[in-house]
Every structure is written in C-alpha cells, then in structure tokens.
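A.B. asks: Have a look at the structure that comes next, please.
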Amino acid sequence: MIVSWKWLQDYVRPALGPEETADRLTMAGMNLESIEPRGDDFAIDLEITSNRPDCLGHLGIAREIGVVCGAAYAEPAAAPPASAAPVDGVTRVDVDCPDLCPQYIARVIRGVKVGPSPEWLRLRLETIGVAPVNNIVDVTNYVLFECGQPLHAFDFDRLDGGRIVVRRAQAKEQLEAIDHRTYTLTDAMCVIADARRPVAIGGVMGGAATEVGTATKNILIEAAAFLPSSIRATARALSLHSPSSYRFERGLDPERVDWASRRCCELILQVAGGELLSGAATAAAPAVRAAEPIVFRFARVPRILGIDIDEARCLEILAALGLERVAHRPGVDSTWRSPSWRRDLTREIDLIEEVARIEGYHHIPEDATLPTAVVVSRPDDQVRQRVQQVLAAAGFFETVTFSFTADAAALLFEPPGSAPALQIAPAAGEYGSRLRQSLLPSLILARRENERRGTLNAELYEISRVFLGLDAADPATQPLRLGIASGRSFRELKGVLEGVAQRVHPGARVSARPLECPGFVAGRGAELLLDGRPWGWMGELDRQGHPSLAELKLREACTVAEVGVSPLVDIAAHERRQTPLPEHPAVARDLNFVLDDTVSWESLDELVRQSAGTALESVEFLDQYSGKQIPAGKKSYVLSLTYRAADRTLTGAEVDASQAAVLEAVERILGGVQR
C-alpha cells in the first residue's frame, strides 16, 4: 500500500518527519517496504496484513499515525450540497441477490463537465502510482485510496431504463469490461445491470458500455458492499484482480459506504461542476450488528507481556484506537466494543496485543536466561503424537475449542448415556456455562463457521478432555478424547479410525455395532469397539430431522466420531512381536456373499477369520451393494482373502480347502449365498 506523505497531512500532522513517522509505524507492526521522494512529496510503501483492511486507505494510515505519534486525527465531513430535485425521480435500485450485495447506494449528478483533473488531484494520484484518466474517474480513484471504499461512476445516459439492478449473472452471460476484454460469467457471480444487460462485474470492474467519457453529462455514483468470498471467487475465476476486488475480498467497514459516496460527490462537484440530486437511491442495508463486548483485565497485561503498563495508559491507547468504553472498574477491568473498522478485535488477547503494539514492543524485556530441562515423553503424549501424524497425513486440521458450551450448542449432540452436565457460575460469556461432555458440539460449530466463510470441506479434529464429574483425581471423570468432524462417508471415516488404531498398535482391530442416537441419521450410527472393548461412537449427522442441527443449517453432509484416548494408550503398551518378512508368495481369493440386511460386516469378518484356518493372513473389505440384482432385504459383501504359509508355498488344493470351509461356515451360520 503506497501512501502520499502530503496527502496524509490533510488528516494528521505528527511532529515527526516522514522517515521518523514510518519508523514509528514499523515499530507498531506495520512493515515499511520503502520510502521515496516524489517531487515535494514522499511515497511511503507499507505492508498491510490481511487482518487490517482498514489501513488500505490514507485515512486508516493517518489514524494509525495519530495513535502511535500522539497527534490529532480528523477526517472530512463529506457534506456535498444538493439541489431540491430528488434522486428518486430519475432512478431506482433493485437488489435481487442481497446475499452477494447486502448494501448498495447510488447518487446522481447532472450536468458534469468531463475533462482533465486539476493539478493537485493528478499529483496525488501519480505519487501513489495511479495514472490520471479524467476528473470523474480520478475522483473515484482518489476516494478509493483515501478511505479504502471502492466506487464506480456510470454514464447515466447509457443506463437502459435509467435504473440499477444488482443480480446474479446468467450462465455464460458476457460482458466487455473497461479493460476492453470480454468475460464469460457464471450464475455464481454478482453483476450490476441496467434494465436490459449487465454493465459491471460487481465489486471487480466496470463495463465499457457505460464508461465515463468526454461526452458524458450525467453520472451515477455507485458505492456498495459485497460478500468477500464471492468477490474472491469471481476475481480468481476470471483472472481479473483490481484495487477494488483486493479490498472487497478482505471485508470493508459497512459504515464507510455512505460516507464514501458523499465524499465522492463532494469532490466531483468541486472539480467537474454539476448538480447533485438530493437523497440517494439505496437498497435496504442490514442492521450492523454491534460488536460483542470485550472485557480487558488490567492484571492480565503484566502476565502476558512481562511488563506493567499503567492503567491510564491502557485506557488512553484503547480509546485512541477507536474502541468504545462500555464499563470501567478501576484497578480491575474495563469493557470495550471494537469499532466497525476493526472487526479483527474480538478477544481480550487482541486488546492486549494492541496495547503492546502501540506502547512499543521494544519495551518488552528479553529474558535470555531460559531454564532448560530434559523432557520425558509420557505414554499418552506418544499416543497423541501418533494420532496427530495419522490425521495430518489424512488431510485433517487440528482445532482447539473452549471447554465450555452454551445450552443451545450442547443440544447439537448429546452422547449416549450422558448424565446432566456440570454447570459453572457465572457463565463464561458467550461460551456458556456447561462443562462439555462431548467434543462434537464444538467441532460441529467449527465446521459450520468454516462453511459460512466458504470452506465447505473442512476436515477437523480435536484432542481434549470432557467433563463427566468433579473428581479430578479420577481419570474416568475427565477422560481425554479424540473428536472428528468430516465430510467423508461413514466407511471412509471408519477407515481413518482404523488407521489411527493400527498406527498405535499394528495388531489393533476396530469393529462397529449398530447404535441409535438422536443426533444420527437412522441406521447410520455405530458404537465403536477397539479389540472388542467399548471405544466410542460415530455416525452421520441428521441435518434435517434433528431440531438443533436443522436450525444450524449445515450445508454439507457431516460424519462425526468421538473415541477415547486411554484405550489407545492401553494397547500401545502391549508387547509387540517382531516377525520376519515373508519368504513365500501369497495367494489372494475374492468372495462375494449375498446375506440378510441384518448381518453386519463385523460378524462376517469374524466368522471368516475363525473358519479359514491358520493359513489366512488377512481379510479385506472391498464393497457392499444392494440394488436391482439383489433380492429385497438382502445385501452383497465383496471381500478379499489373502493366504500365506511361513514355511512353504501353499498349493491350490490347500487354498481351495480353506475357501470351502469359509463358504460352508457362512452358509450354515449366516445363511449366506455365494454370488
């Protein structure tokens, strides 16, 4: 982000020069890339991190300078004079896709004179590397780089019907953009249209058909808010990235949209003349939800930072950053709401970091005398590491969630046989008052949050404790568990769990038996057994039938599992027997059985192992099928058997005898028929 030093001085006048001010910003966490003289000005190039879209304009940088340098900050009022003629008489705005464009503001200026921009405007744009075009386009660019809010000017007389329709593009609809390239759109993209055709790609680039030129007399100024994930997907799909899309992708201040529109009109009236119609054609913007209050405890500052920052100084810094103080208990804590432009401030630790950043990281002492000790790895730590390795290799991401749950969240999944949950008083804010009895509600909410942000295939797991009693000395009351939330099928997730168990001990066997649980789709829940002992449960979430899950509105199917870690620790301690690599070839045979629907894979697998004899090395599940070629009430299992002898090569007759024994046992005990 390149900013002009002279431009910044319109809003803040620090006592320091440009180099010293840039150094202060660097010490406050905003890296300086370069600073170069440009005539009587300086171009300052700063690295802006993705969590600070508020600093993608001169106003945001000026606000930061005001805080770190202790200088007064002020911004223009943006109050353009308007005529008595109402804008509603000449245009209107219809938003057909409020999910993609929640806010749209249009203002109309009549009688403008398009021409070159005045020198002051051209010089400021050239200082930051933007080529001047004409006075109308230059003002929209100026306001973009002033406050970070993108705008667009349409030639109003070229808008068919004189109105704006914000809608989804039609599949394969085409638009020639102002870069004079034609783009083919999809129905997932947002377009700005008139009564007949698209005239801009929403949030990305305007269209050539309504571009402002020397013949333009009347203009419509657009200021809008778009869904960041939609803009990101559109820009990527079209390989079309612009300063506007760059900002929309990161999420902008919803309260800045109208200010930017008014500011743009104010400057256009100054440099191009004309008459601003009164009012604005708007689509109803959703109410901006107030930020959740954040409690800032003064005692936490020295504990986290290692230095004591005076209470008054903490209050001064937070107020200077634009936070609203809701409550204050001297010597104890203060409660704040973050401003609309700082949505990255949501937790107490965020506020502590802001205090440290503004006070100066160089004040935090360096402790060079770090104690060292030999770390002894405990069995449960070793097991945990193996579990993490398997899940990471399978594409899962580890999450860390709070041990508390709200009452509504706990209803998303109630573990079989659970007792009333333990309560804490007072409640832990938004996180509720229940000590969780299952990891799954937290994982389900985490998966829903990922869906909301556009990640539909988040594969998540957590290893943490649940709370079943108050006696911390009794391991049974606070067991360590592994929870998984995945978009994979039941069988795929069971295979992942088998991989986890066999990574801990190669001889471990995971089996399942039917389990009916209110949170699972009927017939798609199972109790899991590890070497025949209860281990946990898994199933496919009932997203429509379960009231709490239906209210959550998960977009994609989700299979969950929760198992104990202590059974894994137990089998990890078992003696491991080393066997030499086989010297003789194996013989593989496939079998296909038709069985009753009630026969589980576990029962078939166990019977095959018992009846095949000592030459059987492994049994592998290949497929399950039920359909037109299978009688009603029946299903087909396909499995592969591997035979091998340690001291010789098996003959065909020996393998045939084992196969015959398997066929006879399955037919006699399970009523199976070979296909």
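We did not get these values from a lab; they are worked out from the coordinates using the rules stated. This structure is a prediction, so every number in the text was calculated from the model and none was measured. Glycine also receives a Cβ, built like all others from the backbone with ideal geometry; neighbour counts cover every protein chain displayed.
A.B. asks: Quick one: check the C-alpha center-to-center distance for region 23-61 versus region 650-667, whole angstrom.
C.D. replies: Centre-to-centre (Cα) distance: 77 Å.
A.B. asks: Rounded to the nearest 500, what is the chain's calculated 222 nm mean residue ellipticity when only DSSP H runs of at least 4 contribute -39500 (n - 2.57) each, over all residues?
C.D. replies: Numbers: 19 runs with 196 residues, N = 675.
Taken over the chain, the calculation gives -8500 deg cm²/dmol.
A.B. asks: Looking at the square roots a ≥ b ≥ c of the eigenvalues of the Cα gyration tensor of region 627-675, which shape do they give, rounded for a/c under 1.5, prolate if a/b is larger than b/c, or oblate? Walk me through the numbers on the way to the answer.
C.D. replies: Working: a/c = 3.59, a/b = 2.40, b/c = 1.50.
Judged from the Cα gyration tensor, region 627-675 comes out prolate (a/c at least 1.5, a/b above b/c).
A.B. asks: For E146, E556, E451, what's the fewest-to-most ordering of other Cβ within 10 Å of each Cβ? Walk me through the numbers before you get to the answer.
C.D. replies: Numbers: E146 24, E556 12, E451 19.
Sorted ascending by nearby Cβ count, the order is E556, E451, E146.
A.B. asks: Which log10 I(q)/I(0) values does region 87-283 give at q = 0.08, 0.09, 0.13 Å⁻¹ under the Debye formula, counting every alpha carbon as one identical point scatterer?
C.D. replies: -0.23, -0.29, -0.62
A.B. asks: Using a basic spin-label model with each label point 7 Å from the Cα along Cα→Cβ, how many nm lie between A208 and R668?
C.D. replies: Result for the modelled spin labels: 8.3 nm.
A.B. asks: So who's got an amide H within less than 5 Å of the one on A193, skipping anything under 5 residues away but keeping other chains? H placed 1.01 Å off N, in plane.
C.D. replies: HN-HN under 5 Å from A193: V165, V166, R167, V199.
A.B. asks: Ranking request for peptides 84-90, 187-193: highest mean number of other beta-carbon atoms within 10 Å first, then the rest in descending order. Walk me through the numbers before you get to the answer.
C.D. replies: Working: 84-90: 13.7, 187-193: 22.1.
Result, highest mean first: 187-193, 84-90.
A.B. asks: Something else: Could you list R378, R465, R434 in order of exposure, starting from the residue whose Cβ has the fewest other Cβ atoms within 10 Å? Provide the component values of the computation, followed by the final result.
C.D. replies: Values: R378 10, R465 16, R434 22.
In increasing order of surrounding Cβ atoms, one gets R378, R465, R434.
A.B. asks: For labels at R196 and E292 in the simple 7 Å Cα→Cβ model, what's the distance in nm?
C.D. replies: 5.1
A.B. asks: Using 0.36 nm times the number of residues separating Q385 and E75, minus their current alpha carbon distance, what extension gain do you get?
C.D. replies: Working: separation 310, 0.36 × 310 = 111.60 nm, distance 5.36 nm.
Between Q385 and E75, full extension yields an extra 106.2 nm.
A.B. asks: Counting only residues 5 or more places away or on other chains, whose amide H sits under 5 Å from the amide H of E617 once H atoms are built in the peptide plane?
C.D. replies: Amide H to amide H, under 5 Å and 5 or more residues apart or across chains, E617 pairs with T642, Y643, R644.
A.B. asks: Mind checking which aspartates and glutamates have their Cα closer than 20 Å to the Cα of K635? Skip sequence neighbours fewer than 8 apart in that chain.
C.D. replies: Qualifying aspartates and glutamates at Cα under 20 Å: E492, D590, D596, D597, E602, D605, E606, E620, D623, E664, E667.
A.B. asks: Return the distance in nm (one decimal) between the two label points of a simple spin-label model at E36 and F397, each offset 7 Å from Cα along Cα→Cβ.
C.D. replies: 3.7
A.B. asks: Write out the trypsin sites (Lys or Arg not before Pro) in region 130-191 meeting two conditions: DSSP loop, and at most 10 other Cβ atoms within 10 Å of their Cβ.
C.D. replies: Here the sparse-neighbourhood loop sites are K172.
A.B. asks: Here's a follow-up. In Å, the Kirkwood hydrodynamic radius of region 2-69 over pairs of distinct alpha carbons? Numbers along the way, then the final one.
C.D. replies: Numbers: mean 1/r = 0.0848 Å⁻¹.
It works out to 11.8 Å.
A.B. asks: I've got another one for you. How would you rank 74-80, 628-634, highest first, on the average number of other Cβ atoms within 10 Å across their residues?
C.D. replies: Working: 74-80: 13.9, 628-634: 9.9.
The peptides rank, most packed first, as 74-80, 628-634.
A.B. asks: Using the Kirkwood formula over every pair of different C-alpha atoms, what hydrodynamic radius in Å results for region 379-572? Before the final figure, lay out each step's value.
C.D. replies: On the way: mean 1/r = 0.0593 Å⁻¹.
About 16.9 Å for region 379-572.
A.B. asks: Ranking K217, K494, K6 by Cβ neighbours within 10 Å, fewest first, what do you get? Walk me through the numbers on the way to the answer.
C.D. replies: Numbers: K217 14, K494 21, K6 17.
Ascending Cβ contact count within 10 Å gives the list K217, K6, K494.
A.B. asks: Tally Lys and Arg at +1 and Asp and Glu at -1 over the other residues with C-beta under 15 Å from the C-beta of A223: what net charge comes out?
C.D. replies: Values: positive: R107, R247, R256, R262, R263; negative: E146, E222, D253, E255, D258, E266.
Around A223, the surrounding residues sum to -1.
A.B. asks: Now for a different question. Compute the Rg to Rh ratio over region 294-362 from the alpha carbon atoms, using the Kirkwood formula for Rh, and round to two decimal places. Write out the running numbers ahead of the final one.
C.D. replies: Numbers: Rg = 10.9 Å, Rh = 11.9 Å.
In region 294-362, Rg relative to Rh is 0.92.
A.B. asks: Between A408 and T598, take the C-beta separation as r, use R0 = 30 Å, and let me know the FRET efficiency to the nearest 0.05. Intermediate values should be presented prior to the final figure.
C.D. replies: Details: r = 37 Å, r/R0 = 1.24.
For R0 = 30 Å, the calculated efficiency reads 0.20.
A.B. asks: Something else now. What's the center-to-center distance, using Cα atoms, between region 89-123 and region 238-282 in Å?
C.D. replies: 7
A.B. asks: Say a paramagnetic label sat at a point 7 Å from the Cα of D10, along Cα to Cβ; which residues of region 56-83 have their backbone N under 15 Å from it?
C.D. replies: Only 57-63, 74-80 fall inside the zone, counting backbone N under 15 Å.
A.B. asks: Put one equal scatterer on each alpha carbon of the chain, apply the Debye formula with no solvent term, and list log10 I(q)/I(0) at q = 0.08 1/Å to two decimals.
C.D. replies: Computed log10 I(q)/I(0) values: -0.84.
A.B. asks: With both partners inside the chain, how many of the DSSP beta bridges are antiparallel, as a percent to the nearest 5? Present the calculation step by step, with values, prior to reporting the outcome.
C.D. replies: Details: 101 of 107 bridges.
Percentage antiparallel, nearest 5: 95.
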